[in-house]
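What follows is a set of notes on a single structure, which appears directly below.
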Amino acid sequence: AAVGLVGAAYCARKSAHAPTAGRFAAVSALLFAGQMMNFPIAGGTSGHLLGGVLAAAALGVPFGVLAVALVVTVQCLVFADGGLTVLGANLVNMALLGAGAGGWLMSRMTGNGLPRVQNLLVTGAAAWLSVVAASLAVSVELALDGAIAFGTVVPAMLGTHALIGVGEAVITVAGLSLLADARSTSTARNAWLTAGTALLIALVLSPFACPFPDGLEAVGSALGFLKESEPYFVGPMPDYQVAFIASESVSTAIAGTAGVLCMLMAGFVAAKVLRRAAQPAM
């Protein structure tokens, strides 16, 4: 994960089409808010946006990798989502495979000379494939860890995430339609609109996310490879809840809003640092 992210940062510094700091921060915040919105699929299971291809399409592939990595890291450290000991695996699966490989595939299959509808369809297909690829990577990691046999886990993971990938494709296409000119640097107005959408999702919609277990949790429970253990580290708002607020929905809304604000600040600072590092010394 570290090697891949260093490579993405290097490519981002060399990119001739870098997004503004405001756009990078706003898209990162939108990814965070979007990942809070679990949606139901068959069998009492839910899925949620990974957002790799969406990030790559909106920001360019290297910046998309860094945006997803920033989201995953904030989720882990602030909200205890994912776990510190598997942060590296999550970065590989979601940032490097989802935004990196998925974004690269999308960029190779789309272009300015193609009809907009065709570009969107291809982007949706790449988004679907990125989810399936990430679920395959999880299956390989679980097998290497000795948690479960590869031949047992891979059909369940691929079958479940093939359905989740359909939702990923739909959300990706809808998100790109909202963001309009995905690869160009955005005006301040578009960045504010994107950030406002992220805040609206977190504050108003996140309490209504589907409560069903997500794909990995559902498969893990069914096959028995999920084990409870004492965490090494717990963030200040675990499970997107604020400890002193009794109402679960209000607590989720406040935690989600805090997360979006955190992403806006972290994304803005990260983009500024990256841009400054890219400037030649005087």
Please state which one of Phe39, Phe32 is within 20 Å of Leu91 (Cβ to Cβ) and not aliphatic (A, V, I, L, M).
Phe32
Is it true that some residue in region 99-106 is touching a helix residue (DSSP H, G or I) at 6+ places or on another chain (Cβ under 8 Å), surrounded by fewer than 21 Cβ atoms within 10 Å (Cβ to Cβ) and not in a helix (DSSP H, G or I)?
no
Within region 68-91, is there a residue that is hydrophobic (A, V, I, L, M, F, W, C), open to solvent by 30 Å² or more (accessible area, probe 1.4 Å), under 20 Å from Val219 (Cβ atoms) and assigned to a helix (DSSP H, G or I)?
yes
What about Trp192, is it open to solvent by 30 Å² or more (accessible area, probe 1.4 Å), in contact (Cβ under 8 Å) with a residue 60 or more places away in the chain and assigned to a helix (DSSP H, G or I)?
yes
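Taking the criterion of being hydroxyl-bearing (Ser, Thr, Tyr), under 28 Å from Tyr240 (Cα atoms) and not in a loop (DSSP other than H, G, I, E, B), would at least one residue in region 10-21 satisfy it? If you could, list the steps in order and put the result at the bottom.
Residues of region 10-21 hydroxyl-bearing (Ser, Thr, Tyr): 10, 15, 20.
Now drop any that are not under 28 Å from Tyr240 (Cα atoms), which leaves none.
No.
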Residue that is surrounded by the fewest Cβ atoms within 10 Å (Cβ to Cβ), among those in region 42-64 that are assigned to a loop (DSSP other than H, G, I, E, B) and of a type in the set (Gly, Ala, Ser)
Ala42
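Can you confirm whether region 219-235 contains a residue that is in contact with a strand residue (DSSP E or B) (Cβ under 9 Å, 6 or more places away or on another chain) and not hydroxyl-bearing (Ser, Thr, Tyr)? Lay out the reasoning, then the answer.
Within region 219-235, the first condition is being in contact with a strand residue (DSSP E or B) (Cβ under 9 Å, 6 or more places away or on another chain), and the residues that meet it are 219.
Next, from what is left, pick out any that are not hydroxyl-bearing (Ser, Thr, Tyr): 219.
Yes, some residue in region 219-235 is in contact with a strand residue (DSSP E or B) (Cβ under 9 Å, 6 or more places away or on another chain) and not hydroxyl-bearing (Ser, Thr, Tyr).
Would you point out which residue out of Val250, Val269, Val219 is crowded, with 17+ Cβ neighbours inside 10 Å, part of a helix (DSSP H, G or I) and among the β-branched types (Val, Ile, Thr)? Please lay out each step first, then the result.
Numbers: Val250 fails: crowded, with 17+ Cβ neighbours inside 10 Å; Val269 fails: crowded, with 17+ Cβ neighbours inside 10 Å.
Exactly one residue qualifies, and that residue is Val219.
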Suppose we keep only residues that are open to solvent by less than 70 Å² (accessible area, probe 1.4 Å) and polar (S, T, N, Q) within region 222-247. Which one would you say is nearest to Gly34 (Cα to Cα)?
Gln241
Just the residues that are farther than 20 Å from Ala188 by Cβ, of a type in the set (A, V, I, L, M), open to solvent by 10 Å² or more (accessible area, probe 1.4 Å) and in contact (Cβ under 8 Å) with a residue 12 or more places away in the chain, please, taken from region 9-41.
Ala9, Met36, Met37, Ile41
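The values are calculated or read from the model by the stated rules, or taken from the named source; none is laboratory data. Everything quoted here is computed from the prediction, not taken from an experiment. Glycine gets a Cβ as well: all are built from the backbone with ideal geometry, and neighbour counts include every protein chain shown. In case anyone asks, the SASA skips ligands and DNA or RNA and just uses the protein heavy atoms, side chains included. Shrake-Rupley method; radii C 1.70, N 1.55, O 1.52, S 1.80 Å.
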